[in-house]
Amino acid sequence: MAPRRRSNTGFTGVRQRAAGHFAAEITAGGVRVWLGTFYTKEAAARAYDVAAWRFGRPRHELNFPEVRSLTEAQSLSTEPQLRSQGEARRYMSGQRRIDTTDADEQFMAQWRRDHPEPSRQSAHSGTSSIREREEGGKLKPRLKQSMPKERRRHGGG
């Protein structure tokens, strides 16, 4: 995927609102997550970077690639300026989505560790050897029957 273009603010995920404030948002899994409204474009860009770290984005997609960890990004970020209850709800909804994504990623990583995928060759060779023994050493295709035998004898009806 090609890197996203930076907006006219010079930062990814940041746009200027009509009132002169700066909005930050990030898209993850096809869903736009609202990060809040900020007084400066740098503060909005830092909020974007925190979300990008949490979503596991590569460093070249960050606004401040010199930041080396999520903890450092969080320490440099500020809370958004919430102007209305609706905006506060959108912010909290976005934070819940990020938290859910974090939990999903942690669960999937644990599941992959607990259930490693067997190699394709060993799984395939084991299946072939069983079929070879059943068929007397020859591999014969198994045809799937569309109707039970009783129905075929009576004309399908």
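The values are calculated or read from the model by the stated rules, or taken from the named source; none is laboratory data. This structure is a prediction, so every number in the text was calculated from the model and none was measured. Cβ: placed from backbone, ideal geometry, glycine included. Neighbour counts: every protein chain shown. With ligands, DNA and RNA removed, areas are computed over all heavy atoms of the protein, side chains included. Shrake-Rupley method; radii C 1.70, N 1.55, O 1.52, S 1.80 Å.
Residue by residue, here is whether (1) within 21 Å of D102 (Cα to Cα); (2) in a helix (DSSP H, G or I) holds:
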residue: A24; (1), (2): yes, no
residue: T27; (1), (2): yes, no
residue: W34; (1), (2): yes, no
residue: E42; (1), (2): no, yes
residue: A45; (1), (2): yes, yes
residue: D49; (1), (2): yes, yes
residue: R57; (1), (2): yes, no
residue: H60; (1), (2): yes, yes
residue: E66; (1), (2): no, no
ask   = If you take the residues of the range 73-102 that are open to solvent by less than 70 Å² (accessible area, probe 1.4 Å) and within 18 Å of R57 (Cβ to Cβ), which of them is nearest to the chain's Cα centre (by Cα)?
value = T101
task = Tell me, please, whether a residue that is at pLDDT 80 or above and farther than 17 Å from E25 by Cα can be found in the range 75-95.
result = yes
note = Picked from the range 11-44 (must be among the aliphatic types (A, V, I, L, M) and farther than 16 Å from G94 by Cα), the residue least open to solvent (accessible area, probe 1.4 Å) is A43
Candidates F55, F64, filtered to the one that is modelled with pLDDT of 75 or more, touching a Lys or Arg at 6+ places or on another chain (Cβ under 8 Å) and open to solvent by less than 60 Å² (accessible area, probe 1.4 Å) = F64
